[in-house]
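Step one of this worksheet: look at the structure below.
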Amino acid sequence: VRLAELYEKLQLTSDAISLWDSIADRHLRDGRDRDAADMLRRIVTLDPHNPLTHVRLAELLVRLRELDEAIKEFAA
């Protein structure tokens, strides 16, 4: 997490996104859906024009029953 944050500060966006994605996947495997959602939100913030990330986040938010936020992500 610290390395991903450092990449963000250094504006190494693709490296930060790659790390956040790996961390999110690990959280999902461990059943930590809320933590994975936080990581995906960071990715969406870094790359708001990537529709796949919005869909991944939206589907996870549906699973977490955060439907209002999921609808916004699907719309994005």
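The values are calculated or read from the model by the stated rules, or taken from the named source; none is laboratory data. The model shown is predicted, which means the values in this text are computed figures rather than measured ones. Using ideal geometry, Cβ is built from the backbone for each residue, glycine included, and neighbour counts are taken over all protein chains shown. Surface accessibility is based on the protein's heavy atoms, side chains included, excluding ligands, DNA and RNA. Shrake-Rupley method; radii C 1.70, N 1.55, O 1.52, S 1.80 Å.
Restricting attention to the stretch 9-22, the residues that are open to solvent by 60 Å² or more (accessible area, probe 1.4 Å) and in contact with a Leu (Cβ under 7 Å, 6 or more places away or on another chain) add up to 0.
Starting from residues that are among the charged types (D, E, K, R) and assigned to a helix (DSSP H, G or I), keep the ones in the stretch 35-49 and report whichever is farthest from residue 64 (Cα to Cα). Looking at the filtered set, the residue picked out is 42.
Selection of the stretch 63-76 for residues being part of a helix (DSSP H, G or I) and either more than 23 Å from residue 32 (Cβ to Cβ) or within 14 Å of the chain's Cα centre (by Cα) (or both) yields 69, 70, 71, 73, 74, 75. None of 6, 46, 28 is of a type in the set (A, V, I, L, M), open to solvent by 40 Å² or more (accessible area, probe 1.4 Å) and more than 14 Å from the chain's Cα centre (by Cα) except 6.
Applying the selection to the stretch 8-34, what residues are part of a helix (DSSP H, G or I) and farther than 25 Å from residue 61 by Cβ? Listed by number, the residues that qualify are 9, 15.
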